[in-house]
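Q: Input: one structure, supplied below.
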Amino acid sequence: MLENERALCIVNTRPHAVELYRELERLISQGGLDTSALFHLSTLMCPRHRLAVLDNIRERLTETDEQCFVISTQLVEAGVDIDFPVVYRAFGPFDSMIQAAGRCNREGKQNGPNGEPGGEFHVFNPVQDVSPYQYAVDTTRIMMSHGIPSLHEPDHVNFYFNQLYSSAELDTESIEALRNALCFATVAQRFKMIRDTKRAVIVPYDRTAKSLISRLQGGEPPILGLIRSLYQYSVSLSEKDLQVAIEDRRVRALEAPGEFFLAREEYYLEKLGFSL
């Protein structure tokens, strides 16, 4: 990444994003360079924090001579309009790699004088990688065993999704059989769109966040408007990570109406968000 003036790297997990950020920070500092050109993005940062970092990244990208290096999880692959001349993507689901490639030369600035496509998109295999979408990753590997698929070929995209959704393994709870038998109460009980349930933890990111927390602790009922505002200052943790964070006293339960959890301020980092 550091052989370029600007580069984006997208990895599959939040721990990988933190590890890669810290390594680049070390190398940049050793070289006597400015670490303000280095950015981290993941869901360990609350939405308001991510928006502020994205604004900073876009500002640097508009300056022709500013370096910019971004380490991110998949969150930049949809709905985030950024353009890098060089993009690296950890091997992952075929559709995710297509989305990542869409952040490379997005505005055509790297095209040749005759309009030839420019930019560089690299896919790499991380050591000891475990993707949260392992079945989709395995499907992509099967595709590659038949030849490297093209990110620009619609037939390859169709083949990928047909393979991905044709397996009975996706219906481990027999939802379709239960639907056909009209067992709707059982369907409602078993069906989970997202199986790894997350818990929201409020973070004291700025003055606004602290004011909202004070209102909640002061006994204000958690009405919809307050909940929506607090969502902008929260991170999602798995049940396992939440329990560990509570045991480590990084997170505590709020004494407020309803069930809310609050991250201790010293564990919410300026560059990386909540520290696991």
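Q: Only one of GLN163, GLN128 is free of Cβ contacts under 8 Å to residues at least 12 places away in the same chain and either under 29 Å from MET193 (Cα atoms) or in a helix (DSSP H, G or I) (or both); which?
A: Result of the check over GLN163, GLN128: GLN128.
Q: Taking HIS122, is it over 25 Å from HIS16 (Cα atoms), under 25 Å from the mean Cα position of the chain (by Cα) and not aliphatic (A, V, I, L, M)?
A: For HIS122, the condition - over 25 Å from HIS16 (Cα atoms), under 25 Å from the mean Cα position of the chain (by Cα) and not aliphatic (A, V, I, L, M) - is not met.
Q: Now for a separate question. If you go through segment 176-193 one residue at a time, do you hit one that is part of a helix (DSSP H, G or I), within 27 Å of LEU20 (Cα to Cα) and among the hydroxyl-bearing types (Ser, Thr, Tyr)?
A: For segment 176-193, residues part of a helix (DSSP H, G or I), within 27 Å of LEU20 (Cα to Cα) and among the hydroxyl-bearing types (Ser, Thr, Tyr): absent.
Q: Using the structure shown, decide if ARG14 is touching a Leu at 6+ places or on another chain (Cβ under 6 Å), within 26 Å of ASN125 (Cα to Cα) and either among the small types (Gly, Ala, Ser) or outside the structural domain of THR208 (by TED's automatic domain parsing) (or both).
A: yes
Q: I need the full set of residues from segment 211-230 which are under 17 Å from ARG48 (Cβ atoms), surrounded by 14 or more Cβ atoms within 10 Å (Cβ to Cβ) and either touching a Gly at 6+ places or on another chain (Cβ under 7 Å) or of a type outside the set (Gly, Ala, Ser) (or both), in order please.
A: LEU212, ILE213, ARG215, LEU216, LEU226, ILE227, LEU230
Q: Sticking with this one: So which of LEU44, LEU51, LEU2 is assigned to a loop (DSSP other than H, G, I, E, B) and surrounded by fewer than 22 Cβ atoms within 10 Å (Cβ to Cβ)?
A: That would be LEU2, the only listed residue that is assigned to a loop (DSSP other than H, G, I, E, B) and surrounded by fewer than 22 Cβ atoms within 10 Å (Cβ to Cβ).
Q: Can you tell me which residues in segment 110-127 are surrounded by fewer than 11 Cβ atoms within 10 Å (Cβ to Cβ) and either under 17 Å from THR73 (Cβ atoms) or modelled with pLDDT of 85 or more (or both)?
A: GLY112, PRO113, ASN114, GLU116, ASN125
Q: Filter segment 84-109 down to residues that are assigned to a loop (DSSP other than H, G, I, E, B), of a type in the set (Gly, Ala, Ser) and modelled with pLDDT of 90 or more, then give me how many there are.
A: 2
Q: Based on this model, can you work out whether ALA7 counts as touching a residue at least 40 places away in the same chain (Cβ under 8 Å), under 19 Å from GLY118 (Cα atoms), not in a loop (DSSP other than H, G, I, E, B) and not basic (Lys, Arg)?
A: Judged against the criteria, ALA7 is a match.
Q: May I pose another question? Could you check ARG249 against (1) basic (Lys, Arg); (2) at pLDDT 90 or above; (3) not in a loop (DSSP other than H, G, I, E, B) and say which number it fails?
A: So the condition that ARG249 fails would be (3).
Q: If you scan segment 245-269, which residues turn out to be within 16 Å of LEU44 (Cβ to Cβ) and surrounded by 13 or more Cβ atoms within 10 Å (Cβ to Cβ)?
A: ALA245, ARG250, VAL251, PHE261, LEU262, ALA263, ARG264, TYR267, TYR268, LEU269 - these are the residues of segment 245-269 that are within 16 Å of LEU44 (Cβ to Cβ) and surrounded by 13 or more Cβ atoms within 10 Å (Cβ to Cβ).
Q: Another question, then. For segment 140-164, enumerate the residues that are hydroxyl-bearing (Ser, Thr, Tyr) and assigned by TED's automatic domain parsing to the domain that holds GLY92.
A: Answer for segment 140-164, where residues must be hydroxyl-bearing (Ser, Thr, Tyr) and assigned by TED's automatic domain parsing to the domain that holds GLY92: just TYR160.
Q: Look at segment 69-83 and say how many of its residues are at pLDDT below 95, on the phi < 0 side of the Ramachandran plot and not polar (S, T, N, Q).
A: 8
Q: For segment 252-276, how many residues meet the condition of being outside any loop (DSSP other than H, G, I, E, B), in contact (Cβ under 8 Å) with a residue 24 or more places away in the chain and charged (D, E, K, R)?
A: Here the count works out to 1.
Q: Okay, next question. If the Cβ limit is 8 Å and pairs must be 6+ apart or interchain, which residue in segment 170-183 that is more than 25 Å from ASP138 (Cβ to Cβ) pairs with which residue that is polar (S, T, N, Q)?
A: Close Cβ pairs (under 8 Å, with a partner that is polar (S, T, N, Q)) amount to LEU178/THR186.
Q: Among the listed residues LEU272, LEU242, LEU237, which satisfies the condition of being in contact with a helix residue (DSSP H, G or I) (Cβ under 7 Å, 6 or more places away or on another chain), crowded, with 16+ Cβ neighbours inside 10 Å and within 30 Å of GLU173 (Cβ to Cβ)?
A: Answer to the selection: LEU237.
The values are calculated or read from the model by the stated rules, or taken from the named source; none is laboratory data. Model, not experiment: these values are computed from the prediction. A quick note on method: Cβ atoms are made from the backbone with ideal geometry, for glycine too, and the neighbour counts reach across all protein chains shown.
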